[in-house]
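Data block below; observations after.
All of the numbers you see were taken from the coordinates with simple rules; none came from a lab. Since the model is a prediction, treat every value here as computed from it, not as a measurement. As a convention, Cβ positions derive from the backbone with ideal geometry for all residues, glycine included, and neighbour counts pool all protein chains shown.
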Amino acid sequence: MSTVKIQLPTVLRQHAGGAKTVEATGDTVGEVFADLARRYPALAAQLAPDGDLGVFVNVFVDDEDIRYLDGLDTPVRDDAEITILPAVAGGAR
Amino acid sequence: MSLRLPAQIKQAMLVHAENCYPEEACGLVAGDRRGLRMAYPLTNVLASPTNYTIDPVEHFRALKHAERQGWELVGVFHSHPHSQAYPSPTDVRLAPDPEWVYFLIGLADRDRPQLRAFRIHDGTITEIDIEEETR
Ligand SMILES: [Zn+2]
């Protein structure tokens, strides 16, 4: 089981006691997020509004976007750094 | 509430807005306790005149670059090629961060681009006065 660091965007920090970085364990991104949800139930609702990765969130393992790896099945090594970024979007209307 | 805006950061945002015209331009802004330090002109993956989404990989790289300098991402800028420099209902709905500054560039009059700054918190828009710095 790997222990990884997860860097949270400012909007999510309030759901993790204000921490910028939290730790969780798992062998894939999905497992890490499940562990994160157990530790910080408020975060779970934010991360997975419909049971999957929210469309408003982008996830990187070390320097790689998991969309280009195996998504939530992407394996994580011990000491990996996961970065969660909000989607930054808008429009003119 | 007011914000000091270095001339070269303003220039970087306006140039990117003009270069991307007629599509919406977008990017991120980094700063530290001393103020705003850098504007990152980034790719609008929607390549649209009415919507933008910042390329997530470029967002990640900008974040890492900023962190290496000891900065944080403190805001986002985007252009409205055909309308005013004011957050749209979509901008408000999708605003990801209540602590960020939202810079809007309006190119309704392309010869006189408008630049305004806002905070968007719980659906409420608050304008921030910009104090332009010469350097
Ligand atoms: Zn907009």
When residues of segment B:24-55 are filtered for being farther than 25 Å from B:Glu131 by Cα, within 11 Å of chain A (Cβ to nearest Cβ) and within 16 Å of the ligand (Cβ to nearest atom), how many remain? 10
Can you give me the number of residues within segment B:102-128 that are closer than 30 Å to A:Leu12 by Cβ and either in a strand (DSSP E or B) or without any contact (Cβ under 8 Å) to a residue 12 or more places away in the chain (or both)? 16
Return the only residue of B:Glu67, B:Glu72 being acidic (Asp, Glu) and touching an Asp or Glu at 6+ places or on another chain (Cβ under 9 Å). B:Glu72
Those residues of segment A:55-93 which are outside any strand (DSSP E or B) and facing chain B (nearest Cβ under 10 Å) amount to A:Phe56, A:Asp63, A:Arg67, A:Tyr68, A:Ala87, A:Val88, A:Ala92, A:Arg93
Pick from B:Glu67, B:Glu131, B:Glu99, B:Glu58: which is away from the ligand (no atom under 12 Å from the Cβ), part of a loop (DSSP other than H, G, I, E, B) and on the phi < 0 side of the Ramachandran plot? B:Glu99
Filtered residue count, segment A:1-36, keeping only those that are hydroxyl-bearing (Ser, Thr, Tyr) and either assigned to a helix (DSSP H, G or I) or surrounded by 18 or more Cβ atoms within 10 Å (Cβ to Cβ) (or both): 2
Result of the Cβ filter at 9 Å on segment B:60-87, keeping first residues that are at the interface with chain A (Cβ under 10 Å from one of its Cβ atoms) and in contact (Cβ under 8 Å) with a residue 12 or more places away in the chain and partners that are of a type in the set (Lys, Arg) and within 10 Å of the ligand (Cβ to nearest atom), at least 6 apart or interchain, is B:Ser83/A:Arg93
Does B:His59 qualify as being crowded, with 19+ Cβ neighbours inside 10 Å, under 30 Å from A:Val59 (Cβ atoms) and in contact with a Pro (Cβ under 6 Å, 6 or more places away or on another chain)? no
